[in-house]
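A short worksheet on the structure shown next.
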Amino acid sequence: MKRKRFQKYALCAAAVFLGGMAARSVMTAAQKTAAVKIYPGDLTLDSAVDIKDGVMLARVCAEDTSLEITDKSKLNADVDRNGTVSFHDLTHLLRQLAGFLPMPQPIKYPEETTAETTAATTTLTETTVTTTETTVTDETSTTPGQSGSSDLTVDSRAYPLDVSMSVLTGAKEPNEMLTVQYQSCNMTFAVYSDDPANTLIAISANDLLIGYYAFGSTYTAPEGYQIVEYIDKQTEGEGTLYAVLVIKNGYSIRFNYVADKNNFSVLSKLNYYGVNGIRAINGLPPYQWDEELAKVALAHSREMADHDFFEHNSLDGSKFSARLTNAGIDWSGCAENIDCGYTDPFAALNGWYNSESGHRKNLLNPGFEYIGVGFAYNADSHYGYYGTQDFYKGW
């Protein structure tokens, strides 16, 4: 079959929060006496600073009421020595364990020390975060919306960074946890979609929170993070920011960094959650994920990648609707979006959403009920990466 050549990437269409989490810190009012030796980070008091201390500090920051902790451990929890215990101490400790900050000197508690500290009083204070209006000029940026804070804020909602994923998931259980092996580490995505218009996808690398994909119209992000803005260009003026991807420098969720390029099922599911976020901000109900439909979509993406062509009809000339029928799907209406050359699920979604042909109409179709998404790769094909979204409604 003769190849269809395009510029960089292409689209084709046929016939679709963790609410209210504010950053919190635990303030300790324990009085330090001259007889008490303080070794920042050693909460377990075992003369070492290791991951067990990180787990214990995460429980302190998450206000785990079942945790029994001594006054000495509370003093050692103030890792950055600023007089308070907060998620910033956990970040400091994790950076030490990762080798980004020097570890404390070898610990040796004096055996003769028996003095007690006064009882610690724990007070909860809510961090006040101010967001700034973002000037939207392009889809990708490294400076707008950045600040000196260690949290990401989206529409005044604050989300922690550089802490254990358990800090977030312990406070509110996600709708779904998805893990995929990248070339350098495992990445886990915690999806919060109870309120699709405020869809939040937290991203961790080896359990350390390194970024978010979040729906919103304003944001501020810390220095040291890459920012990708997703803009609805079909609104008036320069467009409207509807979502942002913020991820720590040195990390990426792109297809080309996935270890097994024969399996993009996790990233296909992320695309689905992004679709429902877009539908919600347009006043539409969410699509339902259909696993059999996803298999149909994946099969077409693989066929395009393996045979290096780009169109809705299959290699044998049959229409996309026939693929649904052959899979046993009883549809009364169906549609399809395809793309090639996009290197991550959110970029592909943004391309479909901003398309002036049928892609956007399929995303926002009020009549369709089900969606399946599949991405595939072939190094010998012209574009490398190919994606398919299939939609249908029943009788």
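The values are calculated or read from the model by the stated rules, or taken from the named source; none is laboratory data. All values derive from a computational prediction rather than experimental measurement. Cβ placement follows ideal geometry from the backbone for every residue including glycine, while neighbour counts extend to all protein chains displayed. Side chains are part of the model used for accessible areas, which takes the heavy atoms of the whole protein and leaves out ligands, DNA and RNA. Shrake-Rupley method; radii C 1.70, N 1.55, O 1.52, S 1.80 Å.
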Taking the range 242-251 and keeping only residues that are in a strand (DSSP E or B) and under 27 Å from Leu208 (Cβ atoms), one is left with Ala243, Val244, Leu245, Val246, Ile247, Lys248
Restricted to the range 84-106 and to residues being aliphatic (A, V, I, L, M) and at pLDDT 80 or above, the residue surrounded by the most Cβ atoms within 10 Å (Cβ to Cβ) is Leu93
Which one is farthest from Leu208 (Cα to Cα), of the residues in the range 166-190 that are open to solvent by 30 Å² or more (accessible area, probe 1.4 Å) and in a loop (DSSP other than H, G, I, E, B)? Asn175
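Residues checked against (1) of a type in the set (A, V, I, L, M, F, W, C); (2) in contact with a helix residue (DSSP H, G or I) (Cβ under 7 Å, 6 or more places away or on another chain); (3) surrounded by 21 or more Cβ atoms within 10 Å (Cβ to Cβ):
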{"residue": "Tyr192", "(1), (2), (3)": "no, no, yes"}
{"residue": "Asp207", "(1), (2), (3)": "no, yes, no"}
{"residue": "Tyr219", "(1), (2), (3)": "no, no, yes"}
{"residue": "Ile231", "(1), (2), (3)": "yes, no, no"}
{"residue": "Arg254", "(1), (2), (3)": "no, no, no"}
{"residue": "Ala259", "(1), (2), (3)": "yes, no, no"}
Pick from the range 39-57, criterion hydrophobic (A, V, I, L, M, F, W, C) and open to solvent by 50 Å² or more (accessible area, probe 1.4 Å), ranking: farthest from His88 (Cα to Cα): Leu45
Residue pairs within 7 Å by beta carbon, gap of at least six or interchain, first lying in the range 289-309 and open to solvent by 40 Å² or more (accessible area, probe 1.4 Å), second in a helix (DSSP H, G or I), listed first then second, are Trp289/Tyr272
Can you tell which of Leu363, Leu349 is more than 20 Å from Ser252 (Cβ to Cβ) and touching a strand residue (DSSP E or B) at 6+ places or on another chain (Cβ under 9 Å)? Leu363
Residue under evaluation Asn362, criteria (1) open to solvent by 10 Å² or more (accessible area, probe 1.4 Å); (2) at pLDDT 95 or above; (3) among the polar types (S, T, N, Q), criterion not met: (1)
